[in-house]
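The values are calculated or read from the model by the stated rules, or taken from the named source; none is laboratory data. As the structure is a computational prediction, the values presented were derived from the model and not from experiment. No Cβ is skipped: glycine too gets one built from the backbone with ideal geometry, and neighbour counts run over all protein chains shown. Heads up: the accessible areas ignore ligands, DNA and RNA and are worked out on the full protein's heavy atoms, side chains in. Shrake-Rupley method; radii C 1.70, N 1.55, O 1.52, S 1.80 Å.
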Amino acid sequence: MASLTKPAGRLFTSNPNGLRKLKIDAELWQITRAGQDIPNATIVRELSPSPELYSQFISQWKGLPPQDWWVKYEQRFLKELNSPDKLPLLRKIYCKLLNNTNIVLICFCQDHIHCHRRLVGDFFRTYNVEVEELNPMMQLSMF
């Protein structure tokens, strides 16, 4: 397999609070199924969870500890990322990054570890894209 060119543009993930840490020009892509519109952001619902997965999260998993639902959510969302409604937008992001456009993928989750924005960002890591979370949730350790 040939090595991929490292895109000139930068890819960030964030919630609205993290945007204050953004120090460069970037396109804001709001990848949410619902919620308030973020000022100056393009709404891209296709990169959010499907209506079915979003509904299941809201009705069955929201408020529960991630260990109770995250594995199922992650498996379903990763499968959705390879669907015909998401792949063209993922290609569009990659092309923009190759052309030196910076992009921030934004949703409202506080915990980026258990969030679809991290999964979308991780999708690009296999294409030699570095992804930076602007508002990381610090994982506490007992050791």
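Here are some notes:
Residues are listed down the side, and each one gets a yes or a no for (1) touching an Asp or Glu at 6+ places or on another chain (Cβ under 8 Å); (2) in contact (Cβ under 8 Å) with a residue 40 or more places away in the chain; (3) assigned to a helix (DSSP H, G or I):
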position: THR13; (1), (2), (3): yes, yes, no
position: LEU19; (1), (2), (3): no, yes, yes
position: TRP29; (1), (2), (3): no, yes, no
position: THR32; (1), (2), (3): no, yes, no
position: ASP37; (1), (2), (3): no, no, no
position: PHE57; (1), (2), (3): no, no, yes
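- The sole residue among ARG33, ARG76, ARG10 that is under 24 Å from MET137 (Cβ atoms) and at pLDDT below 95 is ARG33.
- Qualifying residue in the stretch 127-140 (condition: assigned to a helix (DSSP H, G or I), modelled with pLDDT of 95 or more and either within 26 Å of ASN17 (Cβ to Cβ) or open to solvent by 80 Å² or more (accessible area, probe 1.4 Å) (or both)): no
- In the stretch 76-126, the qualifying residues are those that are crowded, with 19+ Cβ neighbours inside 10 Å and part of a loop (DSSP other than H, G, I, E, B), and the one that is farthest from the chain's Cα centre (by Cα) is LYS86.
- Qualifying residue in the stretch 39-53 (condition: exposed (fewer than 11 other Cβ atoms within 10 Å of the Cβ) and assigned to a loop (DSSP other than H, G, I, E, B)): yes
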